[in-house]
Amino acid sequence: MSETTGRRERKKAQTRKALADAALRLFTERGFDNVGVRDVAEAADVAVTTLFKHFPSKEALIFDEDEDKEAALVAAVHDRAPGRSVLHALRDHLAQTRMAAGQDTPEFTTFIALVDSTPALQEYMHRMWLRHEKALVTALTEATGAPEGDIRTAALARFVMESPSLVRGHADPQKALREVFDLLEHGWGNASS
């Protein structure tokens, strides 16, 4: 049974990747608004109904790792080593994932250009980011015992979520990320004297 389940999961992952790759290629070549979900399904050699089993919307095709990224962000807080601060765990998580994800590659540059030039993708990304931020607030509240609705927890989650875009394009993004997290850990008063 587990061999069949494993094969089925691999097939689902392959189909999902084929759809996401086809969507990115077509959207980049023709523009997001000039490509329909039928075009993407045909390019991936699947039915439109199969596309919608994997992705709830046309915009979601571009953000195919959305759920995995959110789960990993929450896991960075919940699964950190005993005695390790949430800030250090989140800093290291971002350094190992978002920063190491190849933000200086041509593929990433193409992806960002597509999102930046497409209002529907910008709006989808904003909603996705807010959902990730909310999940991070929940994880931080649970991990730290902060009261529900604590503004400091919400602010920390917001700053953590924005840190990758702050350091994008920096000459040394890893160093810049450490500086951002040092500021979060020690406060502006200690850094501005």
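The values are calculated or read from the model by the stated rules, or taken from the named source; none is laboratory data. Since we're looking at a predicted model, the values are computed, not measured. Cβ sites come from the backbone with ideal geometry, for glycine too, and all protein chains shown count toward neighbours. Heads up: the accessible areas ignore ligands, DNA and RNA and are worked out on the full protein's heavy atoms, side chains in. Shrake-Rupley method; radii C 1.70, N 1.55, O 1.52, S 1.80 Å.
Given the criterion closer than 30 Å to Asp182 by Cβ and out of contact with any Pro (no Cβ under 9 Å at 6 or more places or on another chain), identify the matching residue among Asp68, Asp45.
Asp68
Give Asp68, Asp33 a once-over and let me know the one that is out of contact with any Cys (no Cβ under 9 Å at 6 or more places or on another chain) and in contact (Cβ under 8 Å) with a residue 12 or more places away in the chain.
Criteria check complete, one pass: Asp33.
Answer yes or no as to whether Val115 is within 24 Å of Ala176 (Cβ to Cβ), of a type in the set (Val, Ile, Thr) and modelled with pLDDT of 95 or more.
no
I need every pair where a residue in segment 142-155 that is over 19 Å from Ala75 (Cβ atoms) has its Cβ under 6 Å from the Cβ of a residue that is open to solvent by 30 Å² or more (accessible area, probe 1.4 Å) and hydrophobic (A, V, I, L, M, F, W, C), sequence separation at least 6 or different chains.
Listed pairs, sorted by first residue: Ala154/Val137.
Do you know which of the residues in segment 111-150 that are acidic (Asp, Glu) and open to solvent by 80 Å² or more (accessible area, probe 1.4 Å) is farthest from Ala22 (Cα to Cα)?
Within segment 111-150, the first condition is being acidic (Asp, Glu), and the residues that meet it are 116, 123, 133, 142, 148, 150.
From what's left, open to solvent by 80 Å² or more (accessible area, probe 1.4 Å): 116, 123, 142, 148.
Working: Asp116: 19, Glu123: 21, Glu142: 39, Glu148: 42 Å.
Out of the qualifying residues, it is Glu148.
So which residues in segment 140-180 are under 16 Å from the mean Cα position of the chain (by Cα) and not aromatic (Phe, Trp, Tyr), if there are any at all?
Ala157, Arg158, Val160, Met161, Glu162, Ser163, Pro164, Ser165, Leu166, Val167, Arg168
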